[in-house]
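See structure below.
The values are calculated or read from the model by the stated rules, or taken from the named source; none is laboratory data. Just so you know, these numbers come straight off a predicted model, no measurement behind them. Methodologically, a virtual Cβ is constructed for each residue, glycine included, from the backbone with ideal geometry; neighbour enumeration extends over all protein chains shown.
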Amino acid sequence: MRLRSIYGTSSFRLALLYAGLTGVSFALLFAVIFWSTARFMRHQIDDSVTNELNEILSDARARLPVQSAAGVDLTTLNAQIGVIDATLVFARRQFNDAVNEYNAATRQFPTGLLVGLFGFRGAGTL
């Protein structure tokens with residue numbers, strides 16, 4: 001009988017109200033921090049991918065020096081183009097694998113809920 005009377009007291013109800021408000025404020029704080037972090041990481045990843053692609057392209061251009069038409073050795077040039085193509089194919093395959101893994105992760109539960117909530121989009125392959 002004593003336990004039942006504790007639930008009816010104003011002290012218990014007030015403590016329960018404070019506990020509920022604290023829980024809601026923690027959930028709200030977590031959501032704001034998560035949203036800010038996700039947005040920051042998305043921009044950071046986009047910048048990183050852009051910088052990596054620019055670096056790959058500049059390396060590819062640096063490996064093929066511009067030569068005069070009279071002094072061009074076509075076999076060497078074709079070999080260099082083949083190496084660069086192989087490197088680009090490898091990088092493209094790695095990027096596409098990462099994109100497919102990301103897209104698969106966004107379709108899973110509970111990630112799918114967060115994707116819809118924060119407006120993430122599926123990535124496209126090269």
On the given criteria, is Leu126 within 20 Å of the chain's Cα centre (by Cα), among the aliphatic types (A, V, I, L, M) and modelled with pLDDT under 85?
yes
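Out of the residues in the range 3-35 meeting the condition of being among the hydroxyl-bearing types (Ser, Thr, Tyr) and assigned to a helix (DSSP H, G or I), tell me which one is nearest to Leu114 (Cα to Cα).
Just the residues of the range 3-35 that are among the hydroxyl-bearing types (Ser, Thr, Tyr), to begin with: 5, 7, 9-11, 18, 22, 25.
Adding the requirement that they be assigned to a helix (DSSP H, G or I) leaves 5, 7, 10-11, 18, 22, 25.
Working: Ser5: 43, Tyr7: 37, Ser10: 39, Ser11: 38, Tyr18: 28, Thr22: 23, Ser25: 19 Å.
Per the criteria, the residue is Ser25.
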Can you tell me which residue among Ala86, Ala91, Ala62 is at pLDDT below 75 and part of a helix (DSSP H, G or I)?
Ala62
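Can you find, within the range 115-126, the residue that is surrounded by the fewest Cβ atoms within 10 Å (Cβ to Cβ) among those that are part of a helix (DSSP H, G or I) and free of Cβ contacts under 8 Å to residues at least 24 places away in the same chain?
Here is the first cut: in the range 115-126, the residues part of a helix (DSSP H, G or I) are 115-118.
Next, only the ones that are free of Cβ contacts under 8 Å to residues at least 24 places away in the same chain stay: 115-117.
Values: Val115: 16, Gly116: 10, Leu117: 12.
Filtering first and then ranking leaves Gly116.
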